[in-house]
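Input: a single structure, listed below in structure tokens.
The values are calculated or read from the model by the stated rules, or taken from the named source; none is laboratory data. This is a predicted model, so every value here is computed, not measured. For neighbour counting, all protein chains shown are included, and Cβ atoms are generated from backbone atoms with ideal geometry for every residue, glycine included.
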Amino acid sequence: MNYKIDCLSKAELQKLVEVLGEKPFRGKQLFKWIYQKGVIDFSSMTDISKTFREKLSKSYSFTKLKKEHIVTSKLDGSKKILFKLEDNNFIESVLMFDENRITACISTQVGCKMGCKFCNTAKIGFVRNLTAGEILRQVIELNNILSESGKKLTNIVFMGMGEPLDNLKNLEKSLEIILDEDGLNFSHRKVTISTAGLLDKLEKLVNKNFKVNIAISLNASDNKKRNLIMPINKKFDINDIVKVIKKLPVPKRKRITLEYVMIKNFNDSTADALKLAKLLNGLPIKVNLIIYNKTKRSNLDSPDLNSALNFQKTLINNGIATFIRKSFGADIEAACGQLYASYIKTL
Ligand code: SF4
């Protein structure tokens, strides 16, 4: 039987090496090789004995993600990377460059079950969850791309293909390794999990003391409209979201982000903004407005910048911190809701 070693946390690797008759510190050495140095070959782990490396390679191997295609945006330099998984499925990840920040947008599933009407990934349907190794390997591979120009990632957002909280076990394992100082060593302030609103799983994650940033995809100011674009609203509706936000232990000066994809003539009116302001009054939140990116696979339309600015102004005037989120990679279908792995059809 062959197991993937790059799905294991530091504690699990320490246990593994002990079972194999080695001292626990070998586990930490292995951990650093796998995640800090991104090595995918036991023979390169030169401070580990040859006998032990050979023993490991008999039962363990590494997750492989093949970079199938990289496309770079002419608008902003962001890159969309198409990865082929070992079972021949495909996922996409995105690299975004903004002043001093380099952000990786990471996928957690092949496809998605959530069915959001404004999202290309939803059109694939659900294929399978990614393993922790596949989630982490995206981060490592994106860092490898950046290292060619002496750069490295500063931020990670789980906003790629899939609903992260629908793959909670593997998400948690990945976070543990991403946040570990001997692993990928990211501060929790630099990592954001975005959810369509799986509130039960969100509470589980937060209660396990993961202090990462949380973004909830809201997209409407009432249940009637949210039901039309987000099927999850039948299970956890807007009132449930408000209740959970009130309950979550949000540290001082930290706020939960509410994402609001603005769709022309659907949720972009002043009346929508006023209703939203009333709903969110007094909550520890900020609103990120995302101008819907029209794609050839959808009949929804993008609002013009003026309506987005008016919407923002109305919210701000009513006491709600509101930002218009910069969109990256709109020309390469890498922007929010556009990931589809469209290459599949052309291979
Ligand atoms: S927006 Fe996110 S949760 Fe909704 S269908 Fe797309 S990938 Fe899934």
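Look through Lys254, Lys246, Lys286 and report the one residue that is touching a residue at least 24 places away in the same chain (Cβ under 8 Å), in the same structural domain as Leu168 (by TED's automatic domain parsing), more than 14 Å from the ligand (Cβ to nearest atom) and part of a strand (DSSP E or B).
Checking each option against the conditions leaves just Lys286.
Hey, can you tell me all the residues within segment 77-91 that are in contact with a Phe, Trp or Tyr (Cβ under 8 Å, 6 or more places away or on another chain) and surrounded by 18 or more Cβ atoms within 10 Å (Cβ to Cβ)?
Ser78, Leu82, Phe83, Lys84, Phe90, Ile91
Hey, could you check segment 199-220 for residues that are among the basic types (Lys, Arg) and more than 16 Å from the ligand (Cβ to nearest atom) and say which is surrounded by the fewest Cβ atoms within 10 Å (Cβ to Cβ)?
Lys208
Quick one: would you say Phe126 is surrounded by fewer than 18 Cβ atoms within 10 Å (Cβ to Cβ), at pLDDT 95 or above and within 14 Å of the ligand (Cβ to nearest atom)?
For Phe126, the condition - surrounded by fewer than 18 Cβ atoms within 10 Å (Cβ to Cβ), at pLDDT 95 or above and within 14 Å of the ligand (Cβ to nearest atom) - is met.
Specify the residue that is farthest from the ligand (Cβ to nearest atom); the eligible residues are those in segment 134-172 that are surrounded by 22 or more Cβ atoms within 10 Å (Cβ to Cβ) and acidic (Asp, Glu).
This residue is Glu134.
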